[in-house]
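A quick write-up on the structure given underneath.
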Amino acid sequence: MRVSKRRFLFAAAAVAAAALVAGSVPAVATEQMSHRGRTPTNLESVLLPPSEHPAGTTVFSTVSLKQASAQVLPGTGEPSGVVVMPRCMSYFAVLGGLNRLKGGHQFGVRSAGTQFVHIVAKAPRDGLELIRHRIAACNEGLMTFQGWPPSATGGGKIVDGVLSFTERPAQSVPGADTYAATQTVTFNQPDDPLTQQIRAAWQCSDRPCTSPIAFLQRGDLFIWVLDDHADEMALKLYERARRR
């Protein structure tokens with residue numbers, strides 16, 4: 001599949017077929033963390049190099065969050081061929097939108113073809129609390145897809161479904177606030193050819209289109225991960241940030 005289509009997957013909520021068991025922080029990991037309390041200046045440097053990802057991973061891009069936001073990310077309100085209503089489903093809006101945050105963004109796929117997105121940013125200190133309240137109050141909405149590829153916003157064929165969030169147990173990280181959920185897209189026209197195309201691209205043709213997400217915040221350091229290995233990767237990013 002072309003990279004441009006994979007970028008669409010994130011703009012469309014980046015759901016992937018995945019299963020994840022939430023875990024606690026290994027004792028060794030917490031002992032090795034630095035005790036620095038400040039947020040690193042270069043947040044892009046916190047994102048994992050390819051060598052620190054699981055085997056078989058392909059990293060497509062590691063860029064500033066501002067640059068990634070210009071390429072259409074959830075919460076920015078930019079045209080993408082995907083509309084989610086009500087607007088409160090865009091939980092990053094409570095932070096002012098991702099395009100307003102300073103940070104780094106990484107996008108790629110795992111060996112099984114499922115996508116991952118990692119974000120490390122400097123955010124308001126109550127950012128995670130606000131997002132938790134937002135998802136609790138507005139955890140289901142209508143997702144409409146118009147056209148394929150996502151740039152086909154004018155007159156493209158439309159299919160829709162329901163985007164929902166279910167809170168799951170979050171890992172415990174000393175000194176940090178954590179939150180975890182599973183996001184799911186349930187299509188209203190499962191037999192439609194466009195629906196089948198999207199599900200095939202998301203690696204969920206024969207299973208629910210779900211993906212685990214994990215949030216972690218300490219001070220103004222904010223981490224968001226959508227990944228098969230969401231909790232593990234969020235902790236890795238946190239440890240890298242603490243060492244800088």
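When the charge dipole of the range 43-243 is built from unit charges on Cβ atoms (+1 for Lys and Arg, -1 for Asp and Glu) and taken about the Cα centre, the candidate among Val159, Leu194, Leu65 whose Cα reaches farthest toward its positive end is Leu65.
Alpha-carbon geometry of the range 43-243: the Rg and the Dmax are 16.5, 51 Å, given in that order.
Computed with every protein chain present, the accessible area of Thr195 is close to 0 Å² [probe 1.4 Å]. The residues neighbouring Ser64, those whose beta-carbon lies less than 15 Å from its own, together hold a net charge of +3 under the Lys/Arg +1, Asp/Glu -1 convention. Sorting the segments 237-243, 201-207 by their residues' average number of neighbouring beta-carbon atoms within 10 angstrom, most packed first, yields 237-243, 201-207.
The values are calculated or read from the model by the stated rules, or taken from the named source; none is laboratory data. Treat the numbers as computed from the prediction; the structure is a model and nothing was measured. Please note: Cβ atoms are built from the backbone with ideal geometry, for glycine as well, and neighbour counts cover all protein chains shown. Side chains included, ligands, DNA and RNA excluded: accessible areas come from the protein's heavy atoms. Shrake-Rupley method; radii C 1.70, N 1.55, O 1.52, S 1.80 Å.
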